[in-house]
Structure formats: C-alpha cells, structure tokens
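Q: Below is a structure I'd like to ask you about.
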Amino acid sequence: MVAIFDGHNDTITSDDYALIATGRAAGHLDLPRMQAGGMRGGIFAVFASSADHDFTPVQRPDGAMAVEPAAPVPHAEAAEFAVRAAGRLLALERAGELRIARTVADLDAARNGDGPPVAVLHLEGAEAIDAELESLDLWYAAGLRSVGPVWSRSNEFGHGVPFVFPSSPDTGPGLTPAGHALARRCAELGIMVDLAHLNEQGFWDVARADLGPLVSSHSAAHALCQASRNLTDSQLDAIGSSNGLVGIVYACKFLRPDFAEDIDTPLELIAQHAAYVAERIGVAHVALGSDFDGATIPAPLGDVAGIPKLLDALAQVGFDEQEIAAIAWDNWRRVLDAWWR
Ligand SMILES: [Zn+2]
C-alpha cells in the first residue's frame with residue numbers, strides 16, 4: 001500500500017475529537033480510517049475559530065462572491081484554546097495512538113510501519129503566539145513544527161486572504177513587522193512556514209526572505225478555479241524554483257471552476273489540479289493537502305479511507321507509480337527535512 005502523508009486536517013478541533021482513536025461516526029478522519037486509507041502521517045492543524053463565523057458567500061456589488069471577513073481572535077483567547085487543542089494531540093501520543101513528528105526520522109519510521117502514524121503539530125494562524133515571540137520556544141518544545149502566520153483574517157502578524165471568487169489573491173498588505181520576525185524565527189528554530197492562507201503580498205514577503213522551500217499546505221491552482229485562496233501561475237513558479245510544494249486541497253469550491261460548495265464534485269478534479277501543477281513546475285512540487293474536517297470534499301472520495309480512489313485518479317491522469325509515491329509522501333518529506341534541518 002502506498003504510504004500517504006497528508007498536508008492539512010482540522011480533526012483535532014472537531015467537536016468529536018475524543019473519538020479520533022476509536023473511530024468517529026462522522027467527519028473525514030480518525031485512526032481506523034487513516035489505516036484503511038494508508039495514511040501514515042499528516043499535518044494536524046490547531047485552528048482557533050472566529051466567533052459565529054458564517055461561511056456562506058454573499059454577492060458583492062462588483063459581482064464577486066465573497067465570505068465576510070472573519071473577526072480577529074484575541075491572543076489570550078487563541079492561546080488558551082490552542083494549548084488545549086495541542087494537548088489533545090500530546091495525549092494521543094502518550095496513549096501510543098500516534099507520534100508527534102519532531103524529526104524526519106519520525107516520518108521515516110511511520111512510513112516504514114514502525115510504530116504508530118505521525119502527526120505534525122501545526123498552528124493555522126499564529127494568534128496563539130505572542131507578538132514578541134516569547135512563547136514560540138515553548139511551542140517548539142511541545143512539538144510545533146509548522147506555522148501558518150495567518151488564517152483568512154488579519155492578526156498581529158499579517159493579513160490573510162479572504163474567500164472571494166472570482167478574485168486574484170492580491171487582496172491587500174502582507175506581513176507586518178511582527179510577521180516578518182515570526183517567519184525568520186520559525187526558520188531559525190526549524191519550524192516550517194506555511195503560506196496557505198496568506199494573501200499574495202504576504203506570499204511574496206516570505207518568498208523574498210528566502211527562509212526555506214515555499215510551501216502552501218492546502219491550496220489549488222488559480223488557473224483552474226479563480227478563487228482568491230488559490231495559487232497563481234507566478235506563485236507556482238516561485239514554489240517550484242524554491243524546491244517547495246503545493247499540497248493539493250480537496251475542498252470542492254477551490255477545485256471547481258464555478259466555486260460551488262457542491263459535494264457532488266468528481267474526485268478527478270483533484271487529480272486535474274495535481275496534473276496542472278506538475279505540468280507547470282514539475283511533479284517534485286506536488287503533494288496532498290486534503291483539508292479533511294475543514295472543508296466540503298468530493299462525495300466520491302468520502303473520507304480518508306477513500307484515498308486509494310484518489311491514487312487511481314492520479315494514475316488516470318498519467319502519473320506513474322514512482323511519481324505517485326513522490327506526491328503521496330516523498331515530496332512532503334523533502335520540504336519538511338529542509339525546514340526542520
Ligand atoms: Zn485552511
């Protein structure tokens with residue numbers, strides 16, 4: 001079975017997170033279904049939601065569909081929430097159900113079936129970190145190995161990209177001075193900087209800092225779906241020349257040319273985005289980034305247990321066995337190794 005490393009899930013902050021080990025009745029991901037789908041590792045996000053955020057797009061005067069900007073989450077509130085959510089992951093490790101990946105040796109062990117699957121601890125939006133970065137070392141010690149400075153809202157570190165269609169990702173200013181400092185300090189410590197929810201300015205801010213391979217953990221190609229959250233060809237080119245990667249997201253609305261939140265979306269669209277990115281910048285820069293438990297994903301895929309169907313779809317668009325193994329695991333290993341040192 002092909003070993004799968006998945007670049008993004010929101011399972012640990014789902015309401016029924018307590019059932020991850022034994023199996024949840026709903027949602028996309030738990031340990032039994034990970035095993036069924038061949039998923040041996042993944043990036044597990046800690047995400048503090050804005051109060052009462054409504055994801056229903058409304059039509060703007062210019063005709064574009066947009067989700068209202070999410071309210072900022074105060075640092076103290078995000079920090080309390082994130083400590084609890086990360087604690088859930090550490091408790092699963094203590095119980096022997098999974099291992100928090102702190103080194104690439106942990107990734108390799110999981111790939112080889114030696115011990116439980118690995119989880120990379122990720123902050124999706126760095127609100128939980130103080131702007132002076134005093135708490136970042138503590139988070140590193142707890143196992144934090146990936147940070148997205150912003151989610152799709154503003155915080156002390158920068159401005160996230162709002163959900164707009166059709167729209168360029170160039171929606172406003174990028175990183176603040178604190179955001180630049182955060183990205184630099186993450187690179188020094190060996191924490192990957194994830195560009196997934198940054199707007200285009202923020203993307204180029206990180207690119208210009210030349211800290212490591214450019215990584216967008218759960219995104220798709222703007223050429224195939226003109227959503228502000230997707231990556232333009234010039235962003236893809238920069239990702240390729242930095243030896244980074246795109247984790248292709250499975251969220252229906254970012255895959256479809258019409259941005260519809262329609263669960264009846266063919267899973268072949270995921271393979272088409274993968275093929276587009278591979279054609280443009282090479283298969284070494286394509287990986288998986290589901291957004292399980294954080295998005296509506298194609299019904300024909302269902303959940304993580306359906307991954308073998310996605311591997312078939314990747315073969316259908318022309319990827320060979322070795323390329324599929326790279327997309328499924330090796331490319332993620334390469335970029336994490338580069339950031340973690
Ligand atoms: Zn996300």
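The values are calculated or read from the model by the stated rules, or taken from the named source; none is laboratory data. Everything quoted here is computed from the prediction, not taken from an experiment. Reconstructed Cβ throughout: ideal geometry from the backbone, glycine too, with neighbour counts over all protein chains shown. What goes into the accessible areas is simple: the full protein's heavy atoms, side chains included, and nothing from ligands, DNA or RNA. Shrake-Rupley method; radii C 1.70, N 1.55, O 1.52, S 1.80 Å.
Q: For segment 143-154, name all the residues that are open to solvent by less than 30 Å² (accessible area, probe 1.4 Å) and at negative phi. Before the answer, list the steps.
A: Of all residues in segment 143-154, those open to solvent by less than 30 Å² (accessible area, probe 1.4 Å) come to 143-153.
Residues satisfying the conditions are L144, R145, S146, V147, G148, P149, V150, W151, S152, R153.
Q: Further question on the same structure: For segment 299-329, which residues satisfy the criterion of being surrounded by fewer than 18 Cβ atoms within 10 Å (Cβ to Cβ) and either among the acidic types (D, E) or in a helix (DSSP H, G or I) (or both)?
A: Correct list: P308, K309, D312, A315, Q316, D320, E321, Q322, A325.
Q: Please specify each residue of segment 191-224 satisfying the condition of being assigned to a loop (DSSP other than H, G, I, E, B), touching a helix residue (DSSP H, G or I) at 6+ places or on another chain (Cβ under 7 Å) and more than 14 Å from the ligand (Cβ to nearest atom).
A: Within segment 191-224, the first condition is being assigned to a loop (DSSP other than H, G, I, E, B), and the residues that meet it are 191, 195-197, 199, 210-214, 220, 222-224.
So of that shortlist, the ones also touching a helix residue (DSSP H, G or I) at 6+ places or on another chain (Cβ under 7 Å) come out as 191, 195, 211-214, 220, 223-224.
Within segment 191-224, I191, L211, G212, P213, L214, A223, L224 meet the criteria.
Q: Could you check, for segment 94-101, whether at least one of its residues is of a type outside the set (G, A, S), under 27 Å from G179 (Cβ atoms) and either open to solvent by 10 Å² or more (accessible area, probe 1.4 Å) or modelled with pLDDT of 95 or more (or both)? Give the steps one after another, and end with the answer.
A: Narrowing segment 94-101 to residues of a type outside the set (G, A, S): 94, 97-100.
If we keep only those that are under 27 Å from G179 (Cβ atoms) too, we end up with 100.
Checking which are either open to solvent by 10 Å² or more (accessible area, probe 1.4 Å) or modelled with pLDDT of 95 or more (or both) leaves us with 100.
Yes - at least one qualifying residue is present in segment 94-101.
Q: Take the residues in segment 47-82 that are out of contact with any strand residue (DSSP E or B) (no Cβ under 9 Å at 6 or more places or on another chain) and among the hydrophobic types (A, V, I, L, M, F, W, C), then tell me which one is farthest from the ligand (Cβ to nearest atom).
A: First pass over segment 47-82, keeping only residues out of contact with any strand residue (DSSP E or B) (no Cβ under 9 Å at 6 or more places or on another chain): 49-56, 61-63, 71, 74, 76-77, 79-80.
Checking which are among the hydrophobic types (A, V, I, L, M, F, W, C) leaves us with 51, 55, 71, 76, 79.
On the way: A51: 18, F55: 12, A71: 17, A76: 23, A79: 19 Å.
This residue is A76.
Q: Is it the case that F44 is in contact (Cβ under 8 Å) with a residue 12 or more places away in the chain, under 19 Å from S152 (Cα atoms), within 16 Å of the ligand (Cβ to nearest atom) and in a strand (DSSP E or B)? Spell out how you get there, then give the answer.
A: Details: in contact (Cβ under 8 Å) with a residue 12 or more places away in the chain: yes; under 19 Å from S152 (Cα atoms): yes; within 16 Å of the ligand (Cβ to nearest atom): yes; in a strand (DSSP E or B): yes.
Judged against the criteria, F44 is a match.
Q: I need the full set of residues from segment 156-175 which are open to solvent by 30 Å² or more (accessible area, probe 1.4 Å) and farther than 25 Å from Q59 by Cα, in order please.
A: The one that is open to solvent by 30 Å² or more (accessible area, probe 1.4 Å) and farther than 25 Å from Q59 by Cα: E156.
Q: Criterion first (open to solvent by 20 Å² or more (accessible area, probe 1.4 Å) and closer than 23 Å to R145 by Cα) does G212 satisfy it? Break it down stepwise before answering.
A: Details: open to solvent by 20 Å² or more (accessible area, probe 1.4 Å): yes; closer than 23 Å to R145 by Cα: yes.
Yes.
Q: Here's something else I'd like to know. What are the residues in segment 115-131 that are in a strand (DSSP E or B), within 15 Å of the ligand (Cβ to nearest atom) and not charged (D, E, K, R), if any?
A: Keep residues of segment 115-131 that are in a strand (DSSP E or B), which gives 118-124.
Subset that is within 15 Å of the ligand (Cβ to nearest atom): 120, 122-124.
Matches in segment 115-131: V120, H122, L123.
Q: Given the criteria touching a residue at least 40 places away in the same chain (Cβ under 8 Å), touching a helix residue (DSSP H, G or I) at 6+ places or on another chain (Cβ under 8 Å) and under 21 Å from V193 (Cα atoms), does A271 qualify? Explain how you work it out, then say what you get.
A: Details: touching a residue at least 40 places away in the same chain (Cβ under 8 Å): yes; touching a helix residue (DSSP H, G or I) at 6+ places or on another chain (Cβ under 8 Å): yes; under 21 Å from V193 (Cα atoms): no.
It is false that A271 is touching a residue at least 40 places away in the same chain (Cβ under 8 Å), touching a helix residue (DSSP H, G or I) at 6+ places or on another chain (Cβ under 8 Å) and under 21 Å from V193 (Cα atoms).
Q: Against the condition out of contact with any Leu (no Cβ under 7 Å at 6 or more places or on another chain), open to solvent by 10 Å² or more (accessible area, probe 1.4 Å), in a loop (DSSP other than H, G, I, E, B) and within 17 Å of D170 (Cβ to Cβ), how does A227 come out, does it pass?
A: Values: out of contact with any Leu (no Cβ under 7 Å at 6 or more places or on another chain): yes; open to solvent by 10 Å² or more (accessible area, probe 1.4 Å): no; in a loop (DSSP other than H, G, I, E, B): yes; within 17 Å of D170 (Cβ to Cβ): yes.
So A227 does not fit the description; no.
Q: Considering only segment 136-160, state which residues are more than 16 Å from the ligand (Cβ to nearest atom) and over 15 Å from P74 (Cα atoms).
A: L136, D137, L138, W139, Y140, A141, A142, G143, L144, R145
Q: For segment 237-247, name all the residues that are surrounded by 24 or more Cβ atoms within 10 Å (Cβ to Cβ) and more than 13 Å from the ligand (Cβ to nearest atom).
A: I239, G244, L245, V246, listed by residue number.
Q: Here's something else I'd like to know. Working only within segment 1-45, note down all residues that are open to solvent by less than 10 Å² (accessible area, probe 1.4 Å) and in contact with a Pro (Cβ under 8 Å, 6 or more places away or on another chain). If you could, list the steps in order and put the result at the bottom.
A: In the first step, residues of segment 1-45 are kept if they are open to solvent by less than 10 Å² (accessible area, probe 1.4 Å); the result is 4-9, 11-12, 20, 29-30, 34, 37-39, 41-45.
Listed by number, the residues that qualify are M34, G37, G38, M39, G41, G42.
Q: Separate question: All but one of (1) within 16 Å of the ligand (Cβ to nearest atom); (2) surrounded by fewer than 24 Cβ atoms within 10 Å (Cβ to Cβ); (3) under 30 Å from D30 (Cβ atoms) hold for L90, so report the exception by its number.
A: For L90, the exception is condition (1).
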